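Working notes, structure below.
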Amino acid sequence: MDKRAKFTVCAAGIFVCYFFYGILQEKITRGTYGTQGEKFTHSLSLVFVQCVVNYAFARLVLKAFPEESPDSTKSAYYAVSAVTYLLAMIFSNMALQWVNYPTQVVAKSGKPIPVMILGVLLGRKSYPLKKYLFVLLVVIGVALFMFKDGKSNSSQADSSLLGLGEILLILSLTMDGVTGAVQERMRSESKTKSGHMMVNMNLWSMMFLSVALIGTGQIFDFISFVQRYPQIVLQLLLFSAFSALGQFFIFWTVSDFGPLPCSIVTTTRKFFTVLASVIFFGNPMLTRQWIATIIVFVGLFLDSFYGKQPAKSK
């Protein structure tokens, strides 16, 4: 399979898997359960279930299609990227308790920004000027979307520029950037393959999360929640299945094309997720936010068509 066809397959896989992943994520994290309208707030447990299914899926893929060369990537790289990858997901999931899904999706559309900046600082990459300009367009769109109109009848917390949800999203984006920079090091130093990357990152993630779940006691609250509302099990399994398939395509894209092209693919698919969230869940968006959304994706599409000059390692 040539590189263009492979990239098309990876992009299509990411689009389809994360479309359904996003719908299920909002259903789980923003839905209510039981007559009391209880909400699912166990973010660590949700990510742990994802990692377990991701790891099992990756092991099956490696067994069925073993990599040609042994993995020589440093364990420290896997450990660091697992921590930052986990924190990015946890901050992103936690943010949904304060912001709606379209806000989370468009804010995360800024992912190419930290991936590019930290790729230069930590991953030893350089990019052409036009790519920086297209990314700046994305920054402007994201900032416009996240800006809150102050209202006289709003509380001081609600009318502030950044609430807790927005701060969590900024932290999530920062962690995305560090993850991308470390993965760039993996590619340049060890030619890390997608199967090894997926297995090891999820293995480290499971270990870190196990300690966190036991230390915080959240594992017991999660088990109790599942016992009260067993219908969530099917949602969690479907959510994790789409996560595993989507992550497979993501690591395939990262290992063959790099973190920045991957971040651009994962970002462009989010426009369709925003539309689905608005249609299926009735999340309102202001005219300003629709304009901001268009600006974000114009920048991304310009980058896709005119910013393809490959980055150079320093």
Short version: ³J(HN,Hα) in whole Hz for each residue of segment 47-63, in order, from phi by Karplus 6.51 cos²θ - 1.76 cosθ + 1.60 (θ = phi - 60°), x for Gly and Pro, what are they? 5, 4, 4, 4, 5, 4, 5, 4, 5, 4, 5, 5, 5, 5, 5, 5, 5
10 Å Cβ shell holding at most 15 others, DSSP loop, GluC sites (Glu not before Pro): longest site-free stretch of the chain: 69-314
For the chain, with every protein chain kept in place, what is the accessible area per residue (1.4 Å probe, Å²)? 47 Å²
A 1.4 Å probe over the protein heavy atoms gives the chain a carbon and sulfur accessible-area percentage of 68 percent
Among the listed pairs Lys6/Lys125; Lys6/Lys191; Lys39/Lys111; Lys130/Lys191; Lys39/Lys108, give every one whose C-alpha distance is greater than 20 Å. Lys6/Lys125; Lys39/Lys111; Lys130/Lys191; Lys39/Lys108
When the chain is treated as a GNM, springs tying every alpha-carbon pair under 10 Å, which of Lys193, Lys27, Lys63 comes out with the largest mean-square fluctuation? Lys63
With the contact rule set at Cα under 8 Å and sequence spacing of 6 or more, what percent relative contact order holds for the chain? 37 percent
Gain on full stretching of the segment that runs from Ala56 to Arg30 - 0.36 nm per residue minus C-alpha separation: 6.6 nm
Report the label-to-label distance for Ala76 and Leu286 in nanometres (one decimal), using points 7 Å from each Cα along the Cα→Cβ vector. 4.7 nm
Gain upon complete extension [Val233, Val278; 0.36 nm per residue less C-alpha separation]: 13.7 nm
Which of the chymotrypsin sites (Phe, Trp or Tyr not before Pro) across segment 1-106 are loop residues per DSSP, with 11 or fewer other Cβ within 10 Å? none
Across Gln25, Gln227, Gln218, the residue with the highest GNM fluctuation in the chain (Cα network, 10 Å cutoff) is Gln227
Modelled label-to-label distance, Glu68 and Ser210, 7 Å Cα→beta-carbon offset: nm? 3.5 nm
Leaving out ligands, DNA and RNA but keeping every protein chain, what accessible area does Ser69 have, in Å² rounded to the nearest 10, with a 1.4 Å probe? 60 Å²
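The values are calculated or read from the model by the stated rules, or taken from the named source; none is laboratory data. Keep in mind that what you see is a predicted model, and the values were worked out from it rather than measured. Here Cβ is always computed from backbone atoms with ideal geometry, including for glycine, and neighbour counts include all displayed protein chains. The area values use the complete protein model at the heavy-atom level, side chains included, leaving out ligands, DNA and RNA. Shrake-Rupley method; radii C 1.70, N 1.55, O 1.52, S 1.80 Å.
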